[in-house]
Amino acid sequence: MTIILGKWVSNMRHGAFLNKAILIAGVVLLAGCTSLSNLSDSYSQLTLKEIANDGQCSECDLRYMDLSGLDLPKANFSGGYLFNVDFTRTSLIDSNFESAILISVNLDRADLSKANMAKANLSSSSLYGTTLRAADLSFSNLKYANMEAAELSFANLRAANLQGAIMISSFADKAVFTKANLSQSNLIEADFSNSDMQGVNLSGANLTDANLTMTNLKNANLKRANLRGSSIYYTNMSGADLSGADLRGVHFVGANLNGADFTRADLLGAKMSSVLKKHAIFCDARMPNGERGSCN
């Protein structure tokens, strides 16, 4: 009996020792986590201070950070990982975002005039009312981006991917979109006057009430695009594919339609004044008077 009691007491002491050890380890771990948290906060504050001071953060990892409302002219974020960063109303004039990851970033009403965003990934990003005047967005990924009311005059979007992008009421006067992909994009009331859109993919795009005055759409893909109410004045559409496009009530004034393909397009009520249409194809198209075009 004495031996059993002694073992029980020994076990109790051993258990108490283990519990105490576990408690101490827990306190140390909690303290370590707190230190790491403080260190992370300190790092974030330091990073923000450095960015605010000189704007140099090439290849930085700034995901989820709030950089809204700052003044960061000529900032360098090239190659940076900026997933879901908030740049709302931030001034980023002449900044460098080349090859940066900007997925789901918020650039609403930010000023990116003359910014270098070549090869940047801006897919699913928000650029509502953003100023991108004379910015370089060549080869960038803007798939499903919201660019409503954005300012893109003189911007370079050569070979950019804008598939499914929202560009309602955007202003892109004298911009370059050569070889860009704008398929399935929403371009209602967008202004592309005087822009170079040669070879652009606009298949299935909604261009209702868009301004295409003096726009170069040579060899553009406009299959099944909706162009109702758009302004096609002195527009170059030579060689363009407009098969299946909705062109009801559109006024073609002084436009170059040489070699354009209007197969099965709907031109009901459309008006053509002083246009060039040599070798244009109207096979099975619904003509302005309601008759079907010849396929000969």
Problem - Whole-Hz couplings from phi, Karplus 6.51/-1.76/1.60, listed for the range 254-262; x for Gly and Pro - result: x, 7, 9, 10, 4, x, 6, 9, 9
Problem - Long pairs among LYS119/LYS218; LYS114/LYS174; LYS174/LYS278; LYS174/LYS223, criterion Cα-Cα beyond 22 Å - result: LYS119/LYS218; LYS174/LYS278; LYS174/LYS223
Problem - Set of aspartates and glutamates near LYS179 by C-alpha distance (under 13 Å), chain-local residues within fewer than 8 positions excluded - result: ASP196
Problem - Relative packing of 156-163, 223-230, which averages over residues the other C-beta atoms within 10 Å, highest first - result: 156-163, 223-230
Problem - Residues whose placed amide H lies under 5 Å from that of TYR233, excluding near-sequence neighbours - result: LEU212, THR213, MET214, VAL253
Problem - Estimated FRET transfer efficiency (ASP284, VAL253; beta-carbon r; R0 25 Å; 0.05) - result: 0.50
Practice task
For LYS271, list the aspartates and glutamates whose Cα falls under 14 Å from its own Cα; do not include residues on the same chain fewer than 8 positions away.
Solution key: ASP246
Problem - Gap separating the Cα centres of the range 60-135 and the range 197-267, nearest whole Å - result: 33 Å
Problem - Nearest-0.05 FRET efficiency for CYS295 and SER169, computed from C-beta distance (R0 35 Å) - result: 0.35
Handout entry: Highest-first arrangement of 110-116, 65-71, where packing means the average Cβ count within 10 Å
Key = 110-116, 65-71
Handout entry: ³J(HN,Hα) computed for each position of the range 211-228 - Karplus, 6.51 cos²θ - 1.76 cosθ + 1.60, integer Hz, glycine/proline x
Key = 9, 10, 5, 6, 7, 8, 10, 4, 6, 6, 9, 10, 4, 6, 6, 9, 10, 4
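FYI, it's all coordinate maths here, none of it is from the lab. Everything numeric here is computed off the predicted structure, so don't read it as measured data. No Cβ is skipped: glycine too gets one built from the backbone with ideal geometry, and neighbour counts run over all protein chains shown.
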